[in-house]
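Have a look at the structure that comes next, please.
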Amino acid sequence: MAATATDTERGSATPQQAAFEALYRSSRDDLYSYVTSLVRDRSAAEDVTALAFERAYRKAHRFDPTRGTRRSWLFGIARNAALDELRRRRRAAELVDEPVDEQATVPADEAELSLRRQVLRGAIAELDGRERELIALKFFAGLSNAEIAEVVGISDSNAGTKLHRTIEKLRRACNERA
Amino acid sequence: MREPDDDAPATPEIERDLDQLDRLLAGGEPAPGSEDLALLVDELSAERPTPDPEWASQLDEGVRDGFDRPDRGALGRLGARLGARASLRSLAFGGAAVGLVVAVVVATAVIQLDGGPGTPESSDTAAQTTEATGDAGSSAAAPGERGGLGGGAGGGASQNPNALEADPGGSTPLANRAANRKQDRDAQLELQTATDEVRGVSDRAIGIVESSGGVVVESTLSEQRRRDQASARLRLEVPSSELDGTLDQLTDLATVGSLTEAATDITEPFVSARRRLADARDERRSLLQALGRADDGDEADSLRRQVKRARRQIARREARFQRISQRARTSQVDLSISGSPAGERDDGSWSLSEAADDALAILRTAAGVLLVGAAVLVPLAVLAAIAAFAYAWSRSRLRERALDGAD
């Protein structure tokens, strides 16, 4: 769902506000998806996502374009907030405990899809936290490899290699179980 | 901060697969042999969590309002999570401000304790030196302070070796001991005045000394009209009992550049010289008595020779006693008077040079405060920076451990 009309569209925002609102509109759902993958709790993910946007709003003046894109900067803020939440809770939620996403489309062959989904979810559950994070950043948030590297704090080459390794792990797991 | 590469760089195959992945994520067609990757992309995309519409709507409103209304739904919980923790930067600035205030207070206290410009130095019992403080009317060393050196025994020393009955040491009460002390006192005084007033000040100084019963031992006056400079040097001798009063009057003549007083206790040499003189006289008396009883001419001649030697000895010891008595009885004052074109007139005005001197003193004080403040602040800032770095590093490590613990 796209973000609703803001001050920018009403013509009353400052340039800084307009830039933030544009970032918000393009990143809200992606950020939520990424944070949910980290904290694995919808309620906590909502709080952390809102907190991340609040911090980005307050610290907008600190953004340095020489250090990366605005999206990677925002996702870096969200990452820290999510990890702080994990530290506070000090527990790992199992993926199987997450409620089913009722907005997902329902394919025609529900039995086959259900089996494949379970296989995939099982494979994802076997990934470690860092590997799940890479999957979330690439597939849920749509970040480029360079942006992923900036968020996680590794080199571009390292990010690509780790991502490839993780995807291969999922492919093997899905092919073995299928 | 980027971690160093601990994996091998991406191979061409990896690069090809990643490019294929990006193409699939952008909605492109899979390359031959990549159908399973395309399927994986579709299924992972379908697993993407989506936000609750109501929550999303509330967040939209919060963004529109600039996050000014935190107590609405999820944003209400957000306000509790934010807390009151100040940013590191605010803490650093606050710490620096506190450090600066502490530094200023400490520096001011240090300067007050050491004494600022123009504050008289502390005196010791042997000598007093006073810096110039302003007009001729103010003397940094008050008469009462100088009087401590005199002790009431500086002058009026008797020339009769038998007059000093009290023993300066031992069992004599403290008051009697102080009264019977003998001191050799002298002073050096420097006065500053206008060039054309040097001669007048010199003449008035001589008048003061003569009225106190003193004498001018030596005087020199130098005047250089072309350079508008003049100076005078006077070597004065005044009764020790009049020294304090004389110095008081002399310091009133012009601006005091410096005043140094010294006192040496000569009680022991005085008493010793007196005793030795008395012993010599006693010996002569004994010899004269023996001479009167002498029967033999040879004995009489011998005694006469001894009497002669005794008289010579008495003369030497009398001279020595007189010298020591003179040192206790009178005090030497070296007076120098210097004149300059600007002059040190005591007319109550504040000249440009005085203003410049005062401004310089203020700048020196300010520089001292800043220097001491920096000496306190810099280590605090270094400590704060180290603490901030350690905190940031520790927090980063803990966050990464939280991610590892989320397996």
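The values are calculated or read from the model by the stated rules, or taken from the named source; none is laboratory data. If you're wondering where the values come from, they're calculated on a predicted model, not measured in any experiment. For neighbour counting, all protein chains shown are included, and Cβ atoms are generated from backbone atoms with ideal geometry for every residue, glycine included. Ligands, DNA and RNA are stripped out before the accessible areas are found, and what is left, the full protein with its side chains, is counted by its heavy atoms. Shrake-Rupley method; radii C 1.70, N 1.55, O 1.52, S 1.80 Å.
Ranked highest first by the average count of other Cβ atoms within 10 Å around their residues, in what order do B:385-391, B:200-206, A:69-75, B:210-216 fall? Display every interim value, and only then the final one.
Details: B:385-391: 11.9, B:200-206: 18.7, A:69-75: 21.4, B:210-216: 14.7.
Highest mean packing first, the order is A:69-75, B:200-206, B:210-216, B:385-391.
Can you pull the accessible area of A:Leu86 for me, 1.4 Å probe, Å² to the nearest 10?
10
Around B:Arg16, what is the net charge, scoring Lys/Arg as +1 and Asp/Glu as -1 over all other residues with Cβ under 12 Å from its Cβ?
Details: positive: B:Arg23; negative: B:Glu13, B:Glu15, B:Asp17, B:Asp19, B:Asp22.
Overall, the nearby charge balance is -4.
Given H placed on each backbone N at 1.01 Å, which residues far from B:Ser219 in sequence or on other chains put an amide H within less than 5 Å of it?
B:Arg235
If one takes the accessible area of chain B alone plus chain A alone and subtracts that of the pair, with a 1.4 Å probe, what total in Å², rounded to the nearest 100, results? Mind showing how you got there, number by number?
On the way: alone 27130 and 11090 Å², together 31920 Å².
Separately minus together, B and A give about 6300 Å² buried.
FRET efficiency for B:Glu61 and A:Ser43, Cβ-Cβ distance as r, R0 = 30 Å, nearest 0.05? List each step's numbers first, then the result.
Values: r = 19 Å, r/R0 = 0.63.
The computed FRET efficiency comes out at 0.95.
Let me ask another. Starting from the Cα of A:Lys162, draw a straight line to each of the lysines and keep only those under 25 Å, dropping any in the same chain fewer than 8 residues away.
A:Lys138
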